[in-house]
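In what follows, a structure is listed as structure tokens, so that the remarks can point back to it.
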Amino acid sequence: MNPIFRSYQSEEDYWRMREFLRRVFLLNERRERSWHVARLEYARWHTCLNCANVRLEDVATLWEADGEIIAFLMPDGGPGEAHFNVHPGLCTPALEEEMLAVAEERLAESLPDGSRSLCVWTPGQDTRRREMFVRHGYTAGEWVETQWRRGLDVPIPDCPLPPGYIIRPLGDGLELLERCYASGLGFHEGDIKIAVENRDDPAWYRNIQTAPLYRRDLDLVAVAPDGAIASFCTIWFDDVSRSAYFEPVATVPAHQRRGLSRALLTAGLQRLKQMGANLALVGGYSPAANALYGSIFGPDHEFYESWLKNGF
């Protein structure tokens, strides 16, 4: 095998990357050794396009052998980071060394002093990749994602809502604008300015809704007695692997500590089970998020680690 790398070129490459991730996810026994296909969807349509204003043509690199994708590399957003997605049966030290070299050349972020910086990611149990990072001057970063997983073949507990709240799929029109507003509040500590900016131009949310896996019936909101969106979560169901990914999950500060996120997560799990899903996934970065996810998903989790190299 002599894999050749090239830049992402066309929409056809996107569909091949999706198929590759689905195949690799199954080969990895549905563990997140590479991205779940939902992470590619969310990265392309939100963190790259909306947040970083980059296209896959700008940031994605593919490795192919015998006409098949065996690996690809890209950030979850703009330059400055890189995620490795590799076929488990075709992963070699030489391939990953080349991927790291390409990441440093193409994805490193320029610093004010003229040097560059790069954050790379790896599953915590991938000892060989961690050792490669250390050899190349990387040190463990502060960001660690806890990857929670839960089978749906066991009973899902009921989590009652506070009086007056209801859970249902997101509507359209004015409610879409309120969902954009709630996102600004939920992810920016109640910052009204960001919330208003989110609501004034909902094109960013329309981008997310064009992703192939997006389903309105799995874009759930908890609505307060006054009609405001108090909490929300979007679920991405892949019927090929019968697995689903929760991203994002948040509650508006004024409605926190009422069990709304717990109720949304369990309502989502119940919907997924009815659809035939048998595995749910979610990632947490903060102690509060991980306490929530651990209470609903149970103890099964792994770590996805960041490694950082500055000044090269």
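Search region 182-201 for residues that are of a type in the set (Phe, Trp, Tyr) and pair each with any residue that is not in a helix (DSSP H, G or I) when their beta-carbon atoms are under 7 Å apart and the residues are at least 6 apart or on different chains.
187/250
Please specify each residue of region 202-218 satisfying the condition of being in contact (Cβ under 8 Å) with a residue 12 or more places away in the chain and touching a Lys or Arg at 6+ places or on another chain (Cβ under 8 Å).
205, 211, 212, 217, 218
When region 79-111 is examined, which residues are found to be in contact with a strand residue (DSSP E or B) (Cβ under 8 Å, 6 or more places away or on another chain) and either without any contact (Cβ under 8 Å) to a residue 12 or more places away in the chain or in a loop (DSSP other than H, G, I, E, B) (or both)?
If the condition is that a residue be in contact with a strand residue (DSSP E or B) (Cβ under 8 Å, 6 or more places away or on another chain) and either without any contact (Cβ under 8 Å) to a residue 12 or more places away in the chain or in a loop (DSSP other than H, G, I, E, B) (or both), then 79, 80, 87, 90, 91, 107, 108, 110, 111 are the ones that fit.
Residues to consider are 245, 285; find the one that is closer than 30 Å to residue 128 by Cα and crowded, with 19+ Cβ neighbours inside 10 Å.
Being closer than 30 Å to residue 128 by Cα and crowded, with 19+ Cβ neighbours inside 10 Å holds for just one of 245, 285, which is 245.
Being surrounded by 20 or more Cβ atoms within 10 Å (Cβ to Cβ) and farther than 25 Å from residue 28 by Cα is the filter here; which residues of region 85-107 pass it?
Within region 85-107, 107 is the sole residue that qualifies.
Working only within region 58-73, note down all residues that are assigned to a strand (DSSP E or B), among the hydrophobic types (A, V, I, L, M, F, W, C) and surrounded by 17 or more Cβ atoms within 10 Å (Cβ to Cβ).
Those that are assigned to a strand (DSSP E or B), among the hydrophobic types (A, V, I, L, M, F, W, C) and surrounded by 17 or more Cβ atoms within 10 Å (Cβ to Cβ): 62, 63, 69, 70, 71, 72, 73.
Considering only residues that are hydroxyl-bearing (Ser, Thr, Tyr) and farther than 20 Å from residue 298 by Cα, which ones fall in region 235-268?
241, 251 - these are the residues of region 235-268 that are hydroxyl-bearing (Ser, Thr, Tyr) and farther than 20 Å from residue 298 by Cα.
Return the total of residues in region 242-291 being without any contact (Cβ under 8 Å) to a residue 12 or more places away in the chain and not in a helix (DSSP H, G or I).
3
Which of the residues belonging to region 35-57 are assigned to a helix (DSSP H, G or I), within 14 Å of residue 8 (Cα to Cα) and basic (Lys, Arg)?
Across region 35-57, the qualifying residue is only 44.
Counting only residues that are closer than 21 Å to residue 72 by Cβ, among the aromatic types (Phe, Trp, Tyr) and in contact with a Ser or Thr (Cβ under 9 Å, 6 or more places away or on another chain), how many does region 121-146 have?
Of the residues in region 121-146, 2 are closer than 21 Å to residue 72 by Cβ, among the aromatic types (Phe, Trp, Tyr) and in contact with a Ser or Thr (Cβ under 9 Å, 6 or more places away or on another chain).
Look at region 244-278 and say how many of its residues are over 18 Å from residue 178 (Cα atoms) and polar (S, T, N, Q).
4
For every residue, the table says whether it meets (1) touching a Phe, Trp or Tyr at 6+ places or on another chain (Cβ under 8 Å); (2) farther than 29 Å from residue 139 by Cβ.
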residue	(1), (2)
264	yes, yes
282	yes, no
289	no, no
293	yes, no
309	yes, no
312	no, no
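Among the residues in region 15-36, are any closer than 29 Å to residue 180 by Cβ and of a type in the set (Gly, Ala, Ser)?
no
Kindly evaluate residue 23 against the criterion of being under 19 Å from the mean Cα position of the chain (by Cα) and at pLDDT 95 or above.
Criteria met by residue 23.
Scan region 228-237 residue by residue and report those that are surrounded by 19 or more Cβ atoms within 10 Å (Cβ to Cβ) and under 20 Å from residue 256 (Cβ atoms).
229, 230, 231, 232, 233, 234 - these are the residues of region 228-237 that are surrounded by 19 or more Cβ atoms within 10 Å (Cβ to Cβ) and under 20 Å from residue 256 (Cβ atoms).
Determine whether residue 295 is without any contact (Cβ under 8 Å) to a residue 40 or more places away in the chain and crowded, with 17+ Cβ neighbours inside 10 Å.
The answer is no for residue 295.
The values are calculated or read from the model by the stated rules, or taken from the named source; none is laboratory data. Everything numeric in this text was worked out from a predicted model, so none of it was measured. Note: ideal-geometry Cβ built from the backbone for every residue, glycine included; neighbour counts use all protein chains shown.
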